[in-house]
Structures are given as structure tokens and as C-alpha cells.
Amino acid sequence: MKIHLIPASSAKLATLLCLFVLFFGTAQAQDSGGDWLIDGKSRPAEILKISPTEIQLRNGLIQRTFFLSPNPACHDFTNLMTGEQLLRTIMPEARITVDGKTYEVGARLNFKEKGYFKKEWLEMVETPANNFQFQDYSLSEITAHFPSKIQFWTSQDQAATGKKISFAYTHPDLPGLLLKVHYEVYDNLPLLGKYLTLENPGGNSYHIDQVVNEILGTVEEESAVVGKTTQMKKPHQLYIENNFAFNNSMNAEISAQATHWKSDSTYTSQVNYDYQTPSIMEVYPEKGIGVDLKPGENFQSIRTYELILDSYDRERNGLARRKMYRALAPWAMQNPIFMHLVSKTDEQVRTAIDQCVATGYEALILSFGSHINMEDNSPENIQRWKTLADYAHERGIKIGGYSLFSSRTIGPETDVISPVTGKPGGAFFGNAPCLASEWGLNYLDKLRFFFSETGFDIFENDGPYPGDVCASISHPGHKGLEDSQWVQINLQKGLYQWMNSKGIYINAPDWYFLDGTHKIAMGYREVNFALPRERQKILNRQNIFDATWEKTPSMGWGFVPLTAYHGGGADAVLEPLNAHLDDYRQLMMQYYGAGIQACYRGPRLYDTEETKAVVIGVIDWYKKYRNILNSDIIRLRRADGRDWDGWMHVDPNGKEKALVMLFNPTAEPMKKEIRLPMYYTGLTDQISIRQEDGEIQRLQLNRNFEASLKVEIPANGYTWLVVEK
């Protein structure tokens, strides 16, 4: 590949800043001229009493202000990056249903106009006698919601920091019950967290039917005279995520089960004739809670996170979300190099461990179809796998295994019971055991015992609880249909949080990142791995491109079928490996070049010394550039089979500011002029760039922070470029 300098403007810094404001809005004018995504500037969280009756949470990027008397009312939620207000009106702080009766928390606005708010209207804020009444507030530092232990290579091990305020409320009709609304404002992020707790130190039991832990009267995104709530756009500045997410979509928005956008019929000045504008956002589990809070027990609601965005640009908003995950789920930034072993004997496990050592792999996972059974707690089985775990650990290799939960039936007394038929069936996967059945509770105990006794390091859970409800009234872990969903999902989270505290790494096909899991599939169609290798390569790159809008590289895994998978023939698999070295190398380079671990599923990593050398070469390359390869991806061009495709990793704080992966799907060598967007590298004037291990060349950036260059990409091949300051 040859790189040719393209003349660029010698614009001064003032011009660059003007252009930046043009492209990215007024965020930097509001925030002292910087860009929080790349400048590394400290923006500490603060909670300040700004007047005798007002308290404010802020960090230079966002602010949220509360009027305190006689009950807290949030009248201001400002995007300081753009100067825009997110709220159109005051809403209650929360709403809960206890023993069949619904109570609001905090104040409400007694004023007809709900399309905007003036501060002088605060005198009209009232607190109905039936509401929970404010007592006081307390301030503290943000602390972890559960313990976590880092045991694998990671791009980040620091958890989020910031400030927390807790508003305490009581109700005369609910003696002994203390309700707290907790807000967390984070350092260096336009992010706010919110959740609700109930403490019951008294002598009464309370039935918690439902908890709505967040209610926002938001500014509408668009004006539509006719249209339904589900048809209209939601506020683009407000990204909501919470830890009540499931359905195996591998996607955060589709997995979200507790975020509800609603219309507001009291907002009578809206444009929509039927009052259908989506202008209220509420967070709650649709099927309710249904649990009893007994004396001495505490309850914690769903945790809601509100990330404020400053742009319509998809890549920029994706970067913001990925930065949020790096802060909220640092455990998910671990990214061990692992193999997916299909084994029938212990000797095959030892051989695979030895091959991991020889090639630089760091972990081995016994795949589905292997001879491991974590549900067998017999002394013989525990000793067998402890011996193999010891063998791996003595050689510096972590070891894990696969366990199937859903898409199987245990028996009519243990499976989830359909509320429609009163019989097993109707689950997300057709049939599934109930996690709160006696079998399900034993399953959880057996897993804890297996990991505690064997020293296994990795858990791959296939089909964790995906929102199934259960109408059984005989299962010991739940009372009936009403509490079955809430109980099961919290049992699942409890297992994952326990494992995280022990340093056990978790692959799970549902969006449990905020509760301790580490990796999920990027998103794929399983039968695609039975297609010819040439098709797999392009489809895999499409999957990488599409899945990393919202995930960091460490959060997703891919798949490489070394042996037949879903019926794949000889043109789909890589075995014998030495006969398909070019495909093997490129499939590895695609995934490792994206910073993504794939499940290399088969009986071995290499079959000849030549194959071994190929694997070692790719792993050595990956480890050399591991930091930049685990940084965020900027999309360059999606694979379509017609032309070049590729992506670019960026890290404004790293030694390597960028690493570019380029691919040529055609049968002819390709010469192309490509513009690389350098803005998110933090470089503004010049860059040093080299092809692979070639000579460094200096390139000037144009006024759009782009480097223009000509590249040569080999036929059916790839190349990479490294950018430094």
C-alpha cells in the first residue's frame, strides 16, 4: 500500500473551533470550549444548595434542579452541552402501589399549561395529602451496587464515580415504611442514575404491587397533528437504559422492558388533536412486582440511567453510550482470548489447554456438546473438573464451561406454567424450567457449588431467564403468576452478581451488563455459520460493523466454526485447518482486528506446525495492539461485497491514536483513495501514519479533521494502518 499526501487547508485553531461548532452543535460553547468525549477534561459531579429552597445536581454537562418545599419537585433538567431544557412540566417523583392502593411521591403541578414551565409557577406546586411526604435528604459518594472482581485482561478497571442524593419519604397510612428516592450524578459523563428503595424496619408486612421509579414530563421531539404515540419520535437527547432488560435480541433498545413512553391528556395545548404526543416517560416492569415486604426486609427498584446526548449523529451518540458502559460496567471491559472446545474426553481438554499455552490463548471454554455437566455435584464429577482446572491454572490458563437453562423441559412440576392453559409451555423458548421451582433453585445452588469447589473461571449460560412468567402456585420460590417474573429475574441477577464478586467471567445471551455479565453475542443468525467461508467472512464483517454502534469490542462475541455447525459442509468449516490457512487467518484477523473475541469452536487450535505459526502470528499481533484494538470503533464503510470496507479504532489518550482495518472482498487488488475521519483521535493538525510495519509518514489534516490517502488492498485480503500523534 502507498500513502499519498493530499493538500489540506492550513486553517488556524479559531477556524477549527468554528467548524467544530458547525458540525457538533453548541456543546463546546456551553462547556468551556472542550468536547467531553475526547478532551480528558475533569468535570466533577456536584450537589449544591443554590437557594434556601433549591438543590441542584450538576457536572458541567448536565444539571437537574429540585424545589424542596414542601416536597421535592424537579423543575429543571438541562442539557448544558446544548443549553436545551429536557422538561416541559413538573411530574411526581415516583408512584408505587402498596396493598392495592396507589400513592404518588413528591409534589405535582396544579396548573393548566403543561407545554412549558415558568419558575414563578413553583408557588402553585402542591402535595396532595395522599402522597408520600418528604422528610429530609442525605448526600454521599456513589458506591458500587454489588462487588466485582477483575481477573482477566481489561481495558479499564475503574468504576464510575460521582455524587448521590437520597430523598426520604414516609406516609401516615403506611407506618414503619421508609421510601427513598436516590439520584446519582456522575463525574465526567452527561449521565444521571435513579432508583427507589423501600425499607421496612417496623412490624407490618406490605405487599408491593408495582413501583414506577421515574416519571418525566418531557419536551416533545416533533409536532404531529394526527398520529399515535407509538408512531411519533421520542426525544433524541434522552437515552434511557435500565437493568430490567431481556428477550435475547442482543440489542439494548429492543431488550428494554421497563421504559414506557406515554401520551399526556392533561397537556391540552399540544399540537396533536388526540393528545397522543409521546411526552411522558415512565420506568416500571409492565407485569408488576407482586412481592411481600416483610418486617426487617428492604426492596430495591429497577435502576434507571438517563444519558443526555448532544447530537443527532449516530456515531457520536454511540460513543457516548459506549463511554457510559465503560463507567457503569467496568467488569464488561475484560476481554480474555478464549477457545471454544468441543470435547468428549479429559485428554482432549488437556491437549487444548496445552495448545492455548503454545499459541498465547488465555482461556478455554468447554462448548455445548462437550462432556462437561455442571449440574452433577457428585464427588467424582467435582474432583474430575477440579483436577482439569488445576491443570489449566498451573499453566496460566483460565477454564470455563457451558450450561443450558432454557429451551428444554424438566417436567410438569418444574417447568413454567402458562397462565393461558394452566399447563407447561408457552415460554419464550417454548418450554423452559421455572427458575423459582425446586429444580430451578437447586440448579442455582449446584452452579455455585460447582464453581466454588472446582475453581472454574468462566460461565457460559445459554438461555438465561428471558422474561417468562409462571402461573404455578406450588413452586417454592414464588407465590404465583403475579410475582413470578420479578422473582425469576432477580434470582438470575443474584447468580450473576455472586459470580462477578468471585471474579467469574460470564457469557450470557441477554442484556444483563448492568447486573454483572461480561459478554453477549454481537448478533447473528446461527445457520449463517453453515454457509461457505467466503460468505461467512463478509457477513461477519457486517455483524461487526452493525453490533459495535452500541457495544464496546469486549462486550460482544462472534463465532468461527472450526468443525460443522448447523449442518455446514466442507466449504463452511475450517477443518482440516492446514488446508484452509488463508481463511483461518483472515477470520481471526477480522475478529481480533475489531477487538472482538470469537468462539473458535472445535477440537483444536492447530493441526500442524504451519497452522500453529499462523495462530501465534495473529495472537502476537493482537497482543501488540491490544489497547487500541479494544478502544471504540468508528465505522468507515460497511461490507457489501462490491467495494472496500472497514473500520477504525480510536483512542485520544493512547499511544496509538487509531488503528484502521481495511478489507477487499474482490478477486482483484484494489487501489482506493480513502478519507479517514480523525476527529475522535483528538488530533487536529497532523498525524503520523504507517501501513502495517512500514515506514511512518506525516499527513496534514483538512478542516474536517480528515486525512486523505491512497491505499492498496490485496485481492480477497486485508491490510491495516496505525496512527500516532
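Just how large is the dipole of segment 608-725 about the Cα centre, in debye to the nearest 20, putting +1 at every Lys and Arg Cβ and -1 at every Asp and Glu Cβ? Result for segment 608-725 is approximately 360 debye, rounded to the nearest 20. Shape summary: segment 607-704 maps onto an equivalent ellipsoid whose semi-axes, from the alpha-carbon gyration tensor, are 26, 19, 13 Å in decreasing order. From Cα pairs below 8 angstrom and at least 6 apart in sequence, can you work out the relative contact order of segment 522-647, rounded to a whole percent? Value for segment 522-647: 29 percent. Surface calculation, 1.4 Å probe, protein heavy atoms: Lys262 sits at approximately 70 Å² accessible. Of the whole protein surface, His393 contributes about 70 Å² of accessible area at a 1.4 Å probe radius.
Placing unit charges on the Cβ atoms of the charged side chains and taking the dipole of segment 581-725 about its Cα centre, the candidate lying farthest along the positive direction among Ile713, Ala639, Gly654 is Gly654.
Heavy-atom accessible surface of the chain, averaged per residue, reaches 38 Å², computed with a 1.4 Å probe.
Extents of segment 469-601, largest first, come to 57, 29, 26 Å (Cα atoms, principal axes, whole angstrom). Taking all protein chains together and rolling a 1.4 Å probe, Arg637 ends up with roughly 70 Å² accessible. Along its principal axes, segment 546-598 has C-alpha extents of 35, 23, 14 angstrom, given from the largest down.
Farthest towards the positive end of the charge dipole of the chain, among the residues Met670, Ser367, Asn131, is the Cα of Met670, using unit charges on the Cβ of Lys, Arg, Asp and Glu. Between the residues Phe428, Asn507, Thr154, the greatest Cα displacement towards the positive end of the dipole of the chain, with unit charges on the Cβ of Lys, Arg, Asp and Glu, is found for Thr154.
For the pair segment 463-477 / segment 408-446, the C-alpha centres are spaced 6 Å from each other. Each peptide in 443-453, 377-387 receives the mean, over its residues, of other Cβ atoms within 10 Å, and ordering these scores from highest gives 443-453, 377-387.
Where a Cα-Cα gap under 13 Å defines reach, which aspartates and glutamates qualify for Lys294, not counting those fewer than 8 residues away within the same chain? Output for Lys294: Asp99, Glu199.
If you take the Cα centroid of segment 91-135 and the Cα centroid of segment 482-527, the two points sit 36 Å apart. Net charge dipole, the chain: roughly 1360 debye, given to the nearest 20, about the Cα centre with Cβ charges of +1 for Lys and Arg and -1 for Asp and Glu. The Cα-based radius of gyration of the chain, divided by its Kirkwood radius, gives an Rg/Rh of 0.98. For the chain, the relative contact order comes to 11 percent (Cα pairs under 8 Å, sequence separation of at least 6).
Cross-link partners among lysines for Lys671, C-alpha distance below 18 Å, same-chain residues fewer than 8 apart left out? List returned: Lys2, Lys710.
Under a model in which nothing but the beta-carbon of Lys, Arg (+1) and Asp, Glu (-1) is charged, segment 203-344 shows a dipole of about 680 debye around its Cα centre. Ignoring ligands, DNA and RNA, please state the percent of accessible area on the chain from carbon and sulfur, probe 1.4 Å. Percent of accessible area from carbon and sulfur atoms in the chain: 50.
Of the chymotrypsin sites (Phe, Trp or Tyr not before Pro) found in segment 302-351, those in coil by DSSP whose Cβ has at most 15 other Cβ atoms within 10 Å are Tyr312.
The values are calculated or read from the model by the stated rules, or taken from the named source; none is laboratory data. A quick note: this is a predicted structure, and the numbers were derived from the prediction, not measured. Cβ sites come from the backbone with ideal geometry, for glycine too, and all protein chains shown count toward neighbours. To get the accessible areas, we keep the full protein, side chains included, count just its heavy atoms, and leave off ligands, DNA and RNA. Shrake-Rupley method; radii C 1.70, N 1.55, O 1.52, S 1.80 Å.
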